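Working notes, beginning with the structure itself.
The values are calculated or read from the model by the stated rules, or taken from the named source; none is laboratory data. These numbers were taken from a predicted model, which means no experiment stands behind them. Virtual Cβ from ideal backbone geometry, glycine too; neighbours counted across all protein chains shown. Just the protein is used for accessible areas: all its heavy atoms, side chains included, with ligands, DNA and RNA removed. Shrake-Rupley method; radii C 1.70, N 1.55, O 1.52, S 1.80 Å.
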Amino acid sequence: MLTRLISAIALLLCLGACSSLPGADKAGAFPLLENGKAKPGVARLIVVIPGAFESTDIFAPILDWDLPDTAVVAYRFPGMDGLPADHRVDIDGSARLIADYVNDIAPRDTYLVGFSTGGPIAIETAERLDHPARALALISSAAGAPSALLASARGAVDMAEAMLRSHSTDPQDTLTENYRTLLYGRDHYGDSAAAAKSETEAEGVRATMVRPSLRLTMAHSASLMTWVPDPDTDLAPARVGFFHGAGDPVFPLPATQRFAGQIHAQKVYTYPGQGHLLYETSSRVFDDIRRFFGL
C-alpha cells in the first residue's frame, strides 16, 4: 500500500513538473519537418505523427509512395529527431499547432497517420482543420483515459516479467527482453519459432536500448494520461481506419475496437501474432494504409 501511495505521489509530482514545461508552440525549434513540397495549395498533404520515444523515421515507407504533387509533414516529439527537449507534448496544443500549419497551406486533400500517442493527436488535429481530412490511419493507437494509465501499469508488469525471464538485474537486459514483448506480444513466447525470432531481433537492437529519463517520459506521455476525446467526436466525412496488432501489450485490441466504435471508424485492420511495434513487424501495414487512403 505504501509503495502504491509513493508511486501515486511521484506521478502527481511529475505531472506537475511536466505541466511547467511549455507546449509545442514554445519549442526552441519548430516541431514540424516537411519534404520540401509543403507549398500553399499543394494537392495532397500527408501528416505523420509518431508516438512517445519514436523517431519520424518509422514513417519512411510513406516517402517511398512517390505520389505526384504530394507533401509529407512530420511532427517531432521533444528530444527526438534533433528537436530540443525544452517543451512537452500536449494532445490539444500539439494538434492545434499541426492544424494551424495545415490550414495555412490549405491543401486539396489532407491525410493523417498517427502511431500510438500520435493517434489521439491525429484525431484532435482532424477536428481543428478548416476543411475535413480525407482519411486518418491510426496505428497501435492509444484511446482516451484511462488507457494510458492502464498501459503504464501493464508496462511495469511486463518489465518485471522481462527481468525474470532474462535472469538478470542489468537494466539493458531487461529493456532488451521487454522489447520482445513490444514486438510480438505476451503470448508469442509459447511458440518456439516466434520466440527465437523475437530474441534475434531484440538482440539486434540491444546497443540502442536506452531507458528515457523520467522528465522526458512525462514530457512525452503526461498529456495522454488525462486525454479524453469529445464524446460527440465524429470525424465524418473523413474515413478513419485503425491498424492494430492482435497481441498489442500496450493498448489491447478489444479496448481499441471499442474506441473505434465510439469515434465511428470505418475499419479496424488486425494483425495476428503482432504486438505494438507494427512498423517493425508487419510487412504490409503501410501498404494497407495506402490502400485505405485510396492512393
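Inspect segment 76-94 for any residue being in contact with a helix residue (DSSP H, G or I) (Cβ under 6 Å, 6 or more places away or on another chain), of a type outside the set (Val, Ile, Thr) and under 22 Å from ARG239 (Cβ atoms) and give the result as yes or no. No - not one qualifying residue is present in segment 76-94. Helices (runs of 4 or more DSSP H) fully within segment 247-295 that include at least 3 residues being over 25 Å from THR70 (Cβ atoms) and either open to solvent by 40 Å² or more (accessible area, probe 1.4 Å) or among the charged types (D, E, K, R) (or both): 253-262. Kindly establish whether GLY241 is open to solvent by less than 20 Å² (accessible area, probe 1.4 Å), closer than 23 Å to VAL113 by Cβ, in contact (Cβ under 8 Å) with a residue 12 or more places away in the chain and not in a helix (DSSP H, G or I). Considered against the rule, which asks whether it is open to solvent by less than 20 Å² (accessible area, probe 1.4 Å), closer than 23 Å to VAL113 by Cβ, in contact (Cβ under 8 Å) with a residue 12 or more places away in the chain and not in a helix (DSSP H, G or I), GLY241 comes out as yes.
Before we move on, is HIS220 closer than 18 Å to PHE115 by Cβ, surrounded by 15 or more Cβ atoms within 10 Å (Cβ to Cβ), in contact with a Phe, Trp or Tyr (Cβ under 6 Å, 6 or more places away or on another chain) and not aromatic (Phe, Trp, Tyr)?
yes
Checking each residue in segment 223-238 for being over 19 Å from the mean Cα position of the chain (by Cα) and surrounded by fewer than 17 Cβ atoms within 10 Å (Cβ to Cβ) picks out ASP230, PRO231, ASP232, THR233, ASP234, ALA236, PRO237. Condition test on LEU97, is it open to solvent by less than 50 Å² (accessible area, probe 1.4 Å), in contact with a Phe, Trp or Tyr (Cβ under 7 Å, 6 or more places away or on another chain), farther than 26 Å from ARG291 by Cβ and modelled with pLDDT of 95 or more? So LEU97 does not fit the description; no. Please specify each residue of segment 161-191 satisfying the condition of being farther than 18 Å from GLN274 by Cβ and exposed (fewer than 12 other Cβ atoms within 10 Å of the Cβ). Of everything in segment 161-191, those that are farther than 18 Å from GLN274 by Cβ and exposed (fewer than 12 other Cβ atoms within 10 Å of the Cβ) turn out to be LEU164, HIS167, THR169, ASP170. Summed over segment 167-226, the residues that are in contact (Cβ under 8 Å) with a residue 60 or more places away in the chain, within 20 Å of GLY51 (Cα to Cα) and hydrophobic (A, V, I, L, M, F, W, C) give a count of 9. Take SER141 and tell me if it is open to solvent by 10 Å² or more (accessible area, probe 1.4 Å), among the hydroxyl-bearing types (Ser, Thr, Tyr), within 23 Å of TYR279 (Cβ to Cβ) and touching a residue at least 60 places away in the same chain (Cβ under 8 Å). No: the conditions fail for SER141.
When we screen THR117, THR110, THR125 for residues that are among the β-branched types (Val, Ile, Thr) and either more than 21 Å from THR226 (Cα to Cα) or open to solvent by 30 Å² or more (accessible area, probe 1.4 Å) (or both), the only hit is THR110. The numbered conditions (1) open to solvent by 70 Å² or more (accessible area, probe 1.4 Å); (2) within 22 Å of the chain's Cα centre (by Cα); (3) within 22 Å of VAL285 (Cα to Cα) are all true for THR208 except (3).
So is ASP86 in a loop (DSSP other than H, G, I, E, B), open to solvent by 10 Å² or more (accessible area, probe 1.4 Å), closer than 20 Å to VAL210 by Cα and charged (D, E, K, R) or not? In short, yes. Only a single criterion out of (1) closer than 30 Å to LEU21 by Cβ; (2) surrounded by fewer than 18 Cβ atoms within 10 Å (Cβ to Cβ); (3) in contact with a helix residue (DSSP H, G or I) (Cβ under 8 Å, 6 or more places away or on another chain); (4) touching a residue at least 60 places away in the same chain (Cβ under 8 Å) is not satisfied by PRO132, namely (1). For SER213, the stated conditions hold: it is surrounded by fewer than 20 Cβ atoms within 10 Å (Cβ to Cβ), of a type in the set (Gly, Ala, Ser) and at pLDDT below 95. When ALA52, ALA74 are screened for being at pLDDT 85 or above, in a strand (DSSP E or B) and touching a Ser or Thr at 6+ places or on another chain (Cβ under 6 Å), only ALA74 passes. Looking at segment 43-66, can you tell me whether even one residue there is of a type in the set (Lys, Arg) and surrounded by fewer than 18 Cβ atoms within 10 Å (Cβ to Cβ)? Taking every residue of segment 43-66 in turn, none turns out to be of a type in the set (Lys, Arg) and surrounded by fewer than 18 Cβ atoms within 10 Å (Cβ to Cβ).
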